[in-house]
1. Can you report the number of residues in the range 398-436 which are within 29 Å of the chain's Cα centre (by Cα), part of a loop (DSSP other than H, G, I, E, B) and not polar (S, T, N, Q)?
2. Which condition breaks for HIS579 when tested against (1) buried (at least 19 other Cβ atoms within 10 Å of the Cβ); (2) assigned to a strand (DSSP E or B); (3) touching a residue at least 24 places away in the same chain (Cβ under 8 Å)?
3. Is it the case that the range 440-463 has a residue that's assigned to a helix (DSSP H, G or I) and either in the same structural domain as MET526 (by TED's automatic domain parsing) or exposed (fewer than 13 other Cβ atoms within 10 Å of the Cβ) (or both)?
4. Identify all residues within the range 140-188 that are on the phi > 0 side of the Ramachandran plot and in contact with a helix residue (DSSP H, G or I) (Cβ under 7 Å, 6 or more places away or on another chain); write none if there are none.
5. Output the number of residues of the range 183-201 satisfying the condition of being surrounded by fewer than 13 Cβ atoms within 10 Å (Cβ to Cβ) and either free of Cβ contacts under 8 Å to residues at least 24 places away in the same chain or in a strand (DSSP E or B) (or both).
6. Search the range 371-393 for residues being β-branched (Val, Ile, Thr) and in a helix (DSSP H, G or I), and hand back the single one that is surrounded by the most Cβ atoms within 10 Å (Cβ to Cβ).
7. Given the condition surrounded by fewer than 16 Cβ atoms within 10 Å (Cβ to Cβ), closer than 22 Å to GLU605 by Cα and modelled with pLDDT under 95, answer yes or no: does some residue in the range 563-573 qualify?
8. So which pairs qualify, if the first residue must be in the range 4-25 and over 23 Å from ASP147 (Cα atoms), the second must be among the charged types (D, E, K, R) and assigned to a helix (DSSP H, G or I), the Cβ gap must be under 8 Å, and the two must be at least 6 apart or on different chains?
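The values are calculated or read from the model by the stated rules, or taken from the named source; none is laboratory data. Keep in mind the model is a prediction, meaning the values are calculated, not measured. Cβ: placed from backbone, ideal geometry, glycine included. Neighbour counts: every protein chain shown.
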Amino acid sequence: MPIVSVGRDKLFEALGKRYTDDEFQALCFEYGIELDDVTSEQEMHKKELGNKGASKKDIEGLSEEILYKVDIPANRYDMLCLEGIARALNIFNGRIPRVDYRLANMAGKQMQRLVVKPETALVRPFVVAAILRGIKFDELRYNSFIDLQDKLHQNLCRQRSLVAIGTHDLATVQGPFTFEALSPADISFRPLKQTREFNARELLQHYLDNDLKLRKFVPIIQQSVVYPVILDANRTVLSLPPIINGAHSAITLDTRDVFIECTATDLTKAKTVLNTMCTMFSEYCSNPFEVEPVEVVDAFGQSHIFPDLTSRAMEVDVAYINRCVGVDLGAAKIAELLSRMALTAKAVGGGQAVSVEVPPTRSDVLHACDIMEDVAIAYGYNNIEWTVPSTTTIGAELPLSALLELLRGECAMAGFTEILTWALCSRAENFANLLRPDDGASAASIGNPATSEFEVCRTSLLPGALKTLGANKDTALPVKLFEASDVILLDAAAETGARNERRLVAVACAKEGSFEVIHGLLNRVMDVLGVPLLGDLGTGRNALQEAAGVGYEWRPSQDSTFFPGRQASVLAHGKTVGHFGVVHPEVLAAFDIPYPVSALEINVEPFLFDQFYRPLPTHMQPAPQR
């Protein structure tokens, strides 16, 4: 979790009260944050020197001001600066009401415009912007403004890979602005803290060679054909995101109008970052808590107004809040408690629910459980009555996990080596390489994959096993591998829209087909599960098995992953639960496997029952009814 250093005296001034260290620590605990350390610049420097000691020369010029290092939850972006911490605690203490943030009325005024060129889609497609008018900086406010940018870059912005913040003195530039993607040789400007101009490629090499702080951001765009750049109407470079701003538009203590732009690969996070920057420092504007909007024209010519400071509405059942917190509160009392957490709420539905307005500062509130947590914080965890649980439980292994452990042992004793592969794979590995169609609605997709190898959640264990064989094709034959793990399947009936399914996969690679090896493993697995084979080759069922309706059989199948005529589907309870057979040569070629492979993949959940063949629950769900 991020740790924010704030000056004690300035913080107490903002809170309107002086606290002892213990009193402030207690206040932090009540709010759900933590006072991590009480120190100063001199003390921190002494700790860094360790046993060497610190001479007067070492600490000369370092401040003796007492610093509070406050541990902030990672999702509370609004508390990453002194302004945010003070505002949240003041509202919590009832010293000030909840702040209403608003956009400036632009009727009869010319709104600044930022136009996005289509080429930016090649490198960094999104940008949002806003203006803080009449802001009054002093040294403390200025440092806090810069520090908040750094904290956001490290946290929500993921080291500038998702979002990069640029701040500019509006008096030094002229709109309308453009967000373009140009060849590195066509971008020339003097960056911050430099005395000469560079073109973009020279500048990135300069940072790689000389700047420890900025060199880690260079790879984000270094290999791009074009680099993103923000220009004003006179083609003056404002910034080369996500690397550095131009010196021409640098903000100073004398700056009065600040133009903020956030370029991004994730638009949602860009909006959150812009809202955080604007709401935290709009209190210093000539019209406090008022932000001037900017019109952004995207690459498709559509106009958007940023920032969006509207509140979001949520409705939460009172019964849910009381049940989770362990209290008995009415809707009116819950609304009163939520007001201490900067949320506006009112009773609805005859007092059965509360309607909550979530301000733009609280991007951490996403679900009813977040509202419930805020009620618990405002009520006070220490004020919740201690009760004895109405039920007593003993921790134990899930039946499904216990079954898998037994199956792992049986597969190992059958001569198979266990593997553990990634739950994420590429879309090609999950579909095309297995010769299976991709309808776009079978696999859960990753919204912003970091690599092409991790695009979807696997819907089969077979790609991981075949990929392992392909990566170890020089291993002495035969090679027999197995894995018992989960696949993820889209399911509209599930709460999350997807569900896990526990499966067993086994592959056997040899100079021959090894079909009998895989077939034998299937028979052995079913034998230890106590599931008899049905049909002419079966030995029949006993009375208990007959009554429970257990049994399995195989039938010819037409799965494109396997060789035609050398495959079968496994059925139990009248449903297909798996497939086995000789893998198709085109599948082997896709995974770079030079030898024949036979494979088995089966869902083991239908075979989860006790000694009396009564179904047991899977994944903490009620046992299925058969």
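1. Residues flagged as within 29 Å of the chain's Cα centre (by Cα), part of a loop (DSSP other than H, G, I, E, B) and not polar (S, T, N, Q) within the range 398-436 amount to 6.
2. In the conditions (1) buried (at least 19 other Cβ atoms within 10 Å of the Cβ); (2) assigned to a strand (DSSP E or B); (3) touching a residue at least 24 places away in the same chain (Cβ under 8 Å), HIS579 misses (3) alone.
3. There is at least one residue in the range 440-463 that is assigned to a helix (DSSP H, G or I) and either in the same structural domain as MET526 (by TED's automatic domain parsing) or exposed (fewer than 13 other Cβ atoms within 10 Å of the Cβ) (or both).
4. Scanning the range 140-188 gives GLN159, ARG160.
5. The total comes to 4.
6. So the residue we want is VAL375.
7. Yes, the conditions are met somewhere in the range 563-573.
8. Every condition considered, no pair remains.
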